[in-house]
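Report on the structure given below.
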Amino acid sequence: MRLIYTLILFLVAIQQAIACTCTSPPTVKKNWEWSNQVFLGQVESVSQFYTSYGTPVTASTIRILESFKSKHQEGTAMRTFISYGSGSCDFDFENGQKYLIYADENPDDSFLRSSYCLRTSLLSNVSENELEELRELNKNTTTLKEHNTGAPKLDVYRQLEDQERELTTLRELQGQSTHIFSLFVYVGSAIITIL
């Protein structure tokens, strides 16, 4: 019987160890500064899939209703958020609901993520003061659109696209060099085995 109680206690301890724990949320201004994108959004769809290791992943597609901070071009109002489920602090969105979202871009896959440790919340739980503060922060920030007009704006976007293409090419070359190195190791091992 002691073994069963010990096992139950151990399982409870493990569950608590892997659960998300947060300190108090940051201030509106700090959270705004830390985030890549801040906006009001409505969840259009939520779907779940599994990684090759069987880990559940949730993808939530969200339409931007009002932006307070972003690095996207106008006319691109949809965003996909990835959540890695229990144990992570990733925010889980509900289909059809409206949220105030503080988002960070994952540099590995360009999907957005949000956390329970941030100020992301159902819109119904957000104070009008927070929304006004975000509007003021957004208004007081010079955006790329306001700073550059006409052709210079296009040149900046063209430069960003060129840099992205260069990074993609470098990643592909890095992958090819890894494959070539692996081939050399394999051939070298075969030669040593033959000798």
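The values are calculated or read from the model by the stated rules, or taken from the named source; none is laboratory data. A quick note: this is a predicted structure, and the numbers were derived from the prediction, not measured. Heads up, the Cβs are rebuilt from the backbone with ideal geometry, glycines too, and the neighbour counts pull from every protein chain shown. Please note that ligands, DNA and RNA were not included when accessible areas were found on the heavy atoms of the full protein model with its side chains. Shrake-Rupley method; radii C 1.70, N 1.55, O 1.52, S 1.80 Å.
Of the helices (runs of 4 or more DSSP H) lying entirely inside region 78-195, those containing at least 3 residues that are modelled with pLDDT under 80 and open to solvent by 70 Å² or more (accessible area, probe 1.4 Å) are 144-147, 151-194.
Of all residues being open to solvent by less than 80 Å² (accessible area, probe 1.4 Å) and over 16 Å from the mean Cα position of the chain (by Cα) in region 21-39, which is nearest to GLU132 (Cα to Cα)? Just the residue, please.
Step one: list which residues in region 21-39 are open to solvent by less than 80 Å² (accessible area, probe 1.4 Å), which gives 22, 25-26, 28, 31-32, 35-39.
Still in the running and over 16 Å from the mean Cα position of the chain (by Cα): 22, 25-26, 28.
Numbers: CYS22: 26, PRO25: 18, PRO26: 17, VAL28: 10 Å.
So, considering only residues that are open to solvent by less than 80 Å² (accessible area, probe 1.4 Å) and over 16 Å from the mean Cα position of the chain (by Cα), the one nearest to GLU132 (Cα to Cα) is VAL28.
For region 81-102, a residue qualifies if it is in contact (Cβ under 8 Å) with a residue 60 or more places away in the chain and in contact with a Gly (Cβ under 9 Å, 6 or more places away or on another chain), and the qualifying residues are LEU100, ILE101.
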